[in-house]
1. Look through the stretch 74-88, keep the residues that are touching a helix residue (DSSP H, G or I) at 6+ places or on another chain (Cβ under 7 Å) and within 23 Å of residue 27 (Cα to Cα), and return whichever of them is surrounded by the fewest Cβ atoms within 10 Å (Cβ to Cβ).
2. If you scan the stretch 32-42, which residues turn out to be exposed (fewer than 15 other Cβ atoms within 10 Å of the Cβ) and outside any helix (DSSP H, G or I)?
3. What number goes with the only condition from (1) within 14 Å of the chain's Cα centre (by Cα); (2) outside any helix (DSSP H, G or I); (3) modelled with pLDDT under 90 that residue 81 does not pass?
4. Considering only residues that are touching a helix residue (DSSP H, G or I) at 6+ places or on another chain (Cβ under 7 Å) and either loosely packed, with under 15 Cβ neighbours inside 10 Å or in a strand (DSSP E or B) (or both), which ones fall in the stretch 43-52?
5. Scan the stretch 12-35 for residues that are over 13 Å from the mean Cα position of the chain (by Cα) and at pLDDT below 85 and jot them down.
6. On the basis of being within 18 Å of residue 100 (Cβ to Cβ) and surrounded by fewer than 14 Cβ atoms within 10 Å (Cβ to Cβ), does residue 63 make the cut?
């Protein structure tokens, strides 16, 4: 039995309105390039490991990666307090963000900047 992916097909909310979650996340992630088309832009995600708690599965991460990897003038920073979860997201070969970011411990960065 195949289960329905709520992220891909959308959801109904109170009042019967329908929205496509994948289209929404694509639109949001494409905003920085539209707002600052000619310059370098930095986007920071704090507590990024919480995307796992959204219950949307890895399709959410795949959608994010597909948009992000096509934005050469946008730099992304992924922060989080649960480093083991971030490590799993970025170091596991089975995950969409595998090897897509450089790990920089903030303590080491702080000490190096002095």
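1. Within the stretch 74-88, the first condition is being touching a helix residue (DSSP H, G or I) at 6+ places or on another chain (Cβ under 7 Å), and the residues that meet it are 74, 76, 78-80, 82, 85-86.
Of the ones still in play, those that are also within 23 Å of residue 27 (Cα to Cα) are 74, 76, 78-79.
Working: 74: 19, 76: 17, 78: 19, 79: 12.
The selected residue is 79.
2. Of the stretch 32-42, the ones exposed (fewer than 15 other Cβ atoms within 10 Å of the Cβ) are 34-40, 42.
Of everything in the stretch 32-42, those that are exposed (fewer than 15 other Cβ atoms within 10 Å of the Cβ) and outside any helix (DSSP H, G or I) turn out to be 36, 37, 38, 39, 40, 42.
3. Evaluating residue 81 over (1) within 14 Å of the chain's Cα centre (by Cα); (2) outside any helix (DSSP H, G or I); (3) modelled with pLDDT under 90 leaves (1) as the failure.
4. Of the residues in the stretch 43-52, the ones touching a helix residue (DSSP H, G or I) at 6+ places or on another chain (Cβ under 7 Å) are 43, 48-49, 51-52.
Across the stretch 43-52, the qualifying residue is only 43.
5. 12, 13, 14, 15, 16, 17, 18, 19, 20, 21
6. Working: within 18 Å of residue 100 (Cβ to Cβ): yes; surrounded by fewer than 14 Cβ atoms within 10 Å (Cβ to Cβ): no.
No; evaluated as a whole, the condition is false for this residue.
The values are calculated or read from the model by the stated rules, or taken from the named source; none is laboratory data. Source: prediction; values computed, not measured. Glycine also receives a Cβ, built like all others from the backbone with ideal geometry; neighbour counts cover every protein chain displayed.
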